[in-house]
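Reading through the structure tokens given below for one structure.
The values are calculated or read from the model by the stated rules, or taken from the named source; none is laboratory data. Computed from a prediction, not measured in an experiment: that's the story for all the values here. Counting neighbours? That spans all protein chains shown, and the Cβs are built from the backbone with ideal geometry, glycine included. Note: areas computed on protein heavy atoms with side chains; ligands, DNA, RNA excluded. Shrake-Rupley method; radii C 1.70, N 1.55, O 1.52, S 1.80 Å.
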Amino acid sequence: MNTAELAATAHAMVAKHRGLLAADESNSTITKRFTTIKLESTEENRRAYREMLFTTPGASEFVSGVILYDETIRQKTKDGVPFPTYLSQHNMVPGIKVDTGAKPLAAFAGETITEGLDGLRERLAEYYQLGARFAKWRAVIDIGAGIPSGYAIDANAAALARYAALCQEASIVPIVEPEVLMDGDHPIERCEEVTNGVLESVFAHLFAARIVLEGIVLKPNMVIAGKKSAKKSSPEQVAEATLRTLKRHVPTAVPGIAFLSGGQSPAEATLHLSLMNAAGPSPWPLTFSYGRALQDTALKAWGGSQAGFAAGQNQLFTRAKLNGLAAGGAYTSALESSAA
């Protein structure tokens, strides 16, 4: 383990006014996205789409790193440059998704456990050679009648800690991602209660696993009411509840926090991030690690054709810039219309 290298990479990932582009969709997930633009999900189409995103002029001003998928980290630009090499050359840190997905947790109906620990040490060694300098593992916690259970929370926290230890052993920064889903009908108060419990368990397991906190990045959910809740959260409530929860549980040794968007609209995710940064100095940099909230408008503008290449890049740059402003607390909703 190279702790100095880990810390330097983690700080680069959360550098001022910059955040992460999550482009680590599995082939099945990207197929669903391509269906919305009536595009066949072939390897070449997936490669071309990722190249459109990664080679966006000026993107590195606001994008500090990119989370790749196993297929993508092995692909190249049309000019033959491996994607990890291209990203590194353009001041963006290459990363890699390493979990194999959330599977049903035996004996716990409605709950899941993220898998992928088997063979992870060997895969991390290969990914490091391919250029990856950080990794991502997503734990999924659902809120519903009688769930989450304490066991499901602890099981997922333990898996996150084991993954993080293997990453640091390989000199790869682990993104620790415990996501409390916003799919239910729960109010914001219930989300805050569950997120408090999840973060408490996660950091207890990270301490027990001897994780060097200076060499991780936390990727949490924002504290927000469920999509089906009759009582919607105001943007100010989301910012306030999220900051309160993080300050209670996240040690100041952590180099930074890069939020997931978790099903929020692009504008919502950007506004919530900006309000948190505008609230005053925080113990850590607060930035973004968005997938759909950065990609959706770019995907539609690209449309799967070379003719839409520049339009797709323009949309990605616009959303990355808006989120860069949000990472400094300088975004307002009025900027959406001027950026459209």
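At-a-glance table
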quantity: Test for residue 224: is it under 19 Å from the mean Cα position of the chain (by Cα) and either outside any helix (DSSP H, G or I) or touching a residue at least 24 places away in the same chain (Cβ under 8 Å) (or both); calculated: yes
quantity: Qualifying residue in the stretch 186-203 (condition: of a type in the set (A, V, I, L, M, F, W, C), in a loop (DSSP other than H, G, I, E, B), open to solvent by less than 50 Å² (accessible area, probe 1.4 Å) and in contact (Cβ under 8 Å) with a residue 24 or more places away in the chain); calculated: no
quantity: Breaking point among (1) crowded, with 22+ Cβ neighbours inside 10 Å; (2) without any contact (Cβ under 8 Å) to a residue 60 or more places away in the chain, for residue 288; calculated: (2)
quantity: The stretch 140-156 residues that are farther than 8 Å from residue 111 by Cβ and open to solvent by 20 Å² or more (accessible area, probe 1.4 Å), paired with ones that are of a type in the set (Lys, Arg) and modelled with pLDDT of 95 or more (beta carbon under 7 Å, 6 or more apart); calculated: none
quantity: Residue in the stretch 230-247 that is out of contact with any His (no Cβ under 8 Å at 6 or more places or on another chain), among the basic types (Lys, Arg) and open to solvent by less than 40 Å² (accessible area, probe 1.4 Å) present; calculated: no
quantity: Hey, residue 139 modelled with pLDDT of 95 or more, within 16 Å of residue 176 (Cβ to Cβ) and outside any loop (DSSP other than H, G, I, E, B) or not; calculated: yes
quantity: Residue match in the stretch 166-181 (condition: within 26 Å of residue 240 (Cα to Cα), touching a Cys at 6+ places or on another chain (Cβ under 7 Å) and modelled with pLDDT of 95 or more); calculated: yes
quantity: Single condition residue 20 does not satisfy, out of (1) over 16 Å from the mean Cα position of the chain (by Cα); (2) closer than 30 Å to residue 330 by Cβ; (3) crowded, with 18+ Cβ neighbours inside 10 Å; calculated: (1)
quantity: All positions within the stretch 291-309 that are surrounded by fewer than 23 Cβ atoms within 10 Å (Cβ to Cβ) and closer than 17 Å to residue 271 by Cα; calculated: 291, 292, 296, 297
quantity: Residues (of a type in the set (D, E, K, R) and either modelled with pLDDT under 95 or surrounded by 24 or more Cβ atoms within 10 Å (Cβ to Cβ) (or both)) located in the stretch 310-335; calculated: 319
quantity: Which numbered condition residue 42 fails, given (1) open to solvent by less than 50 Å² (accessible area, probe 1.4 Å); (2) over 24 Å from residue 322 (Cα atoms); (3) free of Cβ contacts under 8 Å to residues at least 60 places away in the same chain; (4) in contact with a helix residue (DSSP H, G or I) (Cβ under 8 Å, 6 or more places away or on another chain); calculated: (4)
quantity: Search result, residues across the stretch 82-118 that are open to solvent by 40 Å² or more (accessible area, probe 1.4 Å) and in a loop (DSSP other than H, G, I, E, B); calculated: 90, 91, 100, 106, 107, 108, 109, 110, 115, 118
quantity: The stretch 1-15 - residue that is in a loop (DSSP other than H, G, I, E, B) and either of a type in the set (Val, Ile, Thr) or modelled with pLDDT of 95 or more (or both) and, of those, nearest to residue 97 (Cα to Cα); calculated: 14
quantity: Residue within the stretch 265-282 that is assigned to a loop (DSSP other than H, G, I, E, B), open to solvent by less than 30 Å² (accessible area, probe 1.4 Å), in contact with a helix residue (DSSP H, G or I) (Cβ under 6 Å, 6 or more places away or on another chain) and closer than 21 Å to residue 138 by Cβ present; calculated: no
quantity: Filter pass, residue 172 being touching a Gly at 6+ places or on another chain (Cβ under 9 Å) and not hydroxyl-bearing (Ser, Thr, Tyr); calculated: yes
quantity: Residue in the stretch 57-73 that is nearest to residue 317 (Cα to Cα), counting only those that are open to solvent by less than 10 Å² (accessible area, probe 1.4 Å) and polar (S, T, N, Q); calculated: 64
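Let's see how each residue does on (1) touching a strand residue (DSSP E or B) at 6+ places or on another chain (Cβ under 7 Å); (2) outside any helix (DSSP H, G or I); (3) in contact (Cβ under 8 Å) with a residue 12 or more places away in the chain:
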| position | (1), (2), (3) |
| --- | --- |
| 28 | no, no, no |
| 32 | no, no, no |
| 37 | no, yes, yes |
| 50 | no, no, yes |
| 67 | yes, yes, yes |
| 71 | no, no, yes |
